[in-house]
Amino acid sequence: MKTLIVSGKTIEHAIQKGLAELGVTQDRVQVRILEQPSKGFFGLIGTKPAKVELTVEEAAQTEDKPLAAKSQSEEGKASTSSAVQAVPEEKALSDSAQSEEKTVRASVQDQTAGVEEAKQFILDVTQSMGLEVEIAIVKRKDTVVFDISGSDLGLIIGRRGQTLDSLQYLANLVANRYSEQHVRLVLDAEQFRDRRKQTLESLAERLATKTVRTHKEMILEPMTPQERKIIHAKLQDHPKVKTYSKGEEPNRRIVIALKSQ
């Protein structure tokens, strides 16, 4: 009997990983769980993977041998041989399609698992802050948005969204720890992201006007890469001013200056 020990982020993930390595279906193996996965502190610290042992049953290893012997029997004519060879080829194509379908399905399930883990992480953190919130998951083309609702959301947002950004960073770490496919999460509360974008765009317009009037460069306060991107995008087509960034993270700033004449 062939035995394989495999680790994975979850029991199911470990089993699927082992089946792919062995090249058999789950009904042909015996599964023994050696170690349960541990999420650790808030899903980030002290995590341990699941560990399983897969044993291929003897019948699964030998059941194809009679078919190989039969292919060399009574009728040795070329036409019969051709017909016999066509069956495995069709079966191989079918197996390949099923394998691709399983891979896609496993990928979607794996990504979903990461999103759910991240959601639970946010719920755990907010509960530890004494807050009761609800999270609506909105899936977009390349991002998954957690729309947080509840009371006292100012605690979650923080000054200029700094707490929200920190929670978003940690939630992304959790999601991608439990997902094979990359997940990009965006956390929002009370439409803060849209309101902050409007505030930054208004600021960009005001300072651009001031730069043109005074002929002096305007240096903004340090911002996150996402916020700097909003300023750059707002002024990229301005006829008289240009923008660039200077400094090192986390103190990198945008400078608004006159274009060369």
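The values are calculated or read from the model by the stated rules, or taken from the named source; none is laboratory data. All values derive from a computational prediction rather than experimental measurement. For neighbour counting, all protein chains shown are included, and Cβ atoms are generated from backbone atoms with ideal geometry for every residue, glycine included. Remember, those area values only see protein heavy atoms, side chains included, never the ligands or the DNA or RNA. Shrake-Rupley method; radii C 1.70, N 1.55, O 1.52, S 1.80 Å.
Just the residues that are without any contact (Cβ under 8 Å) to a residue 40 or more places away in the chain and open to solvent by less than 10 Å² (accessible area, probe 1.4 Å), please, taken from the range 150-178.
Within the range 150-178, Leu153, Ile156, Gly161, Leu164 meet the criteria.
Determine, yes or no, whether Ser166 is assigned to a helix (DSSP H, G or I) and of a type in the set (Ser, Thr, Tyr).
yes
Taking Thr199 as the residue in question, decide whether it is assigned to a helix (DSSP H, G or I), within 30 Å of Val133 (Cα to Cα), without any contact (Cβ under 8 Å) to a residue 24 or more places away in the chain and over 28 Å from the mean Cα position of the chain (by Cα).
yes
Residue by residue, here is whether (1) within 18 Å of Arg159 (Cα to Cα); (2) among the polar types (S, T, N, Q); (3) over 29 Å from the mean Cα position of the chain (by Cα); (4) surrounded by 14 or more Cβ atoms within 10 Å (Cβ to Cβ) holds:
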{"residue": "Thr214", "(1), (2), (3), (4)": "no, yes, yes, no"}
{"residue": "Glu217", "(1), (2), (3), (4)": "no, no, yes, no"}
{"residue": "Leu220", "(1), (2), (3), (4)": "yes, no, yes, yes"}
{"residue": "Pro225", "(1), (2), (3), (4)": "yes, no, no, no"}
{"residue": "Asp237", "(1), (2), (3), (4)": "no, no, yes, no"}
{"residue": "Tyr244", "(1), (2), (3), (4)": "no, no, yes, no"}
{"residue": "Glu248", "(1), (2), (3), (4)": "no, no, no, no"}
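With respect to the numbered conditions (1) in a helix (DSSP H, G or I); (2) of a type outside the set (Asp, Glu); (3) open to solvent by 80 Å² or more (accessible area, probe 1.4 Å), which one is the sole condition not fulfilled by Ser260?
Only one criterion in (1) in a helix (DSSP H, G or I); (2) of a type outside the set (Asp, Glu); (3) open to solvent by 80 Å² or more (accessible area, probe 1.4 Å) is unmet by Ser260, namely (1).
When you go through Ala20, Ala50 one by one, which is the residue that is modelled with pLDDT of 75 or more, under 21 Å from the mean Cα position of the chain (by Cα) and surrounded by 13 or more Cβ atoms within 10 Å (Cβ to Cβ)?
Sole residue among the options that is modelled with pLDDT of 75 or more, under 21 Å from the mean Cα position of the chain (by Cα) and surrounded by 13 or more Cβ atoms within 10 Å (Cβ to Cβ): Ala50.
What number of residues within the range 1-16 satisfy the criterion of being without any contact (Cβ under 8 Å) to a residue 60 or more places away in the chain and open to solvent by less than 50 Å² (accessible area, probe 1.4 Å)?
7
To keep it simple, each residue is scored yes or no on (1) under 17 Å from the mean Cα position of the chain (by Cα); (2) over 30 Å from Lys48 (Cα atoms); (3) β-branched (Val, Ile, Thr).
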site	(1), (2), (3)
Glu134	no, no, no
Phe146	yes, no, no
Gly161	no, yes, no
Leu167	yes, no, no
Leu185	yes, no, no
Arg193	no, yes, no
